[in-house]
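Structure, as structure tokens:
The values are calculated or read from the model by the stated rules, or taken from the named source; none is laboratory data. Please read these numbers as outputs of a predicted model, since none were measured by experiment. Note that we place each Cβ from the backbone using ideal geometry, even for glycine, and neighbour counts take in every protein chain shown.
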Amino acid sequence: MKELDVKECEFKNLESCYHLTRGVHEDSISENGLGANIGIRSKDGLGNEKTSKVFFAKSLEGALIFLNRNLNIFYSAAKHNDFTVFIGALKDDSPELYEQIFANMAHDNMSEKELAEVALALGKLYLERGIYYKLDLKHCTREEFQNMNAQEQDKIDYFTDDINEERPDEHPLISNMHTKSGRGVKPSQMALMTANGKKSALDIALSMCDAYRTLHPGKSLPVLEYKNGSKDRPLLEMLFTRMKEKSTQQLGKETLEEQKNITLLSQIKDELVRQEKEITNPRENTQDI
């Protein structure tokens, strides 16, 4: 499967599509692409999903809202001190790693700061073990679809004005789009994203945050806004800021270490030059009589 450096992504393109999944699926996806599946929400007892589909985020803004939404889901799990809802979703990705964080950090009556710390720890692990794909999907409205012939219809992957079959009063959000029911994504329609040669979704996510800040100077990272006026907590902003500060500190340490090495090498060079001069021009030994 082809790879695409995050720097080559056209983040200004509002029609770009992105899919986050766990790294353990890379080989399977490379061979088979993304199969249309019923997501984890249908397995949590709520029965929200009844038709198979592939979910993805549309545009850079949608991808960031999706990432922040996931961190808020981890926050909610910590708030209720209940991690069981994630076991099914993570069963193929060493769930004990996530459970260990939860067991060590989550407890009843947690403060806002403690809840955020659990969410960030779990979210960081999830992204470290994840991979990101850019999808090449064709779309149209439902009305346009109806006016196409069968051959043209077969090329359409999703509807821009689709509705969620399980919640017909809701149109899909840019952070939660989906293909037509039963529609998968072929390997030829996908590119595995990288950041400076790294496949980790964490590196991709941080690069996406950087790109958004460049395109929208002074703006905070986007979050999901609800009809009642409430918003998701800006946990991705917190994670991005923390990781940037850590990176800056590390760069400072590396620069300081590099300066020390340069100074040491200079001292060694000076000493070698001094020794060479002494060998070439030895001082005469004189003795007073």
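Quick notes on this structure:
- Cβ pairs under 6 Å, 6+ apart, first in region 225-242 and under 25 Å from Leu125 (Cα atoms), second at pLDDT 95 or above and exposed (fewer than 13 other Cβ atoms within 10 Å of the Cβ): Glu237/Ser220
- Evaluation of Asp27 against (1) touching a residue at least 40 places away in the same chain (Cβ under 8 Å); (2) part of a helix (DSSP H, G or I); (3) closer than 25 Å to Leu122 by Cα (one fails), failing number: (1)
- Among the candidates Lys134, Lys50, residue that is of a type in the set (Lys, Arg) and either closer than 30 Å to Asp210 by Cα or part of a helix (DSSP H, G or I) (or both): Lys134
- Residue in region 186-196 that is under 17 Å from Ser52 (Cα atoms), at pLDDT 95 or above and more than 20 Å from the chain's Cα centre (by Cα) present: yes
- Test: residue in region 125-138 that is exposed (fewer than 15 other Cβ atoms within 10 Å of the Cβ) and more than 22 Å from Val6 (Cβ to Cβ): yes
- In the set Leu135, Leu125, only one residue is in contact with a helix residue (DSSP H, G or I) (Cβ under 7 Å, 6 or more places away or on another chain) and more than 30 Å from Phe159 (Cα to Cα); that residue is Leu125.
- Arg233 being over 23 Å from Glu117 (Cβ atoms), at pLDDT 90 or above and not in a strand (DSSP E or B): no
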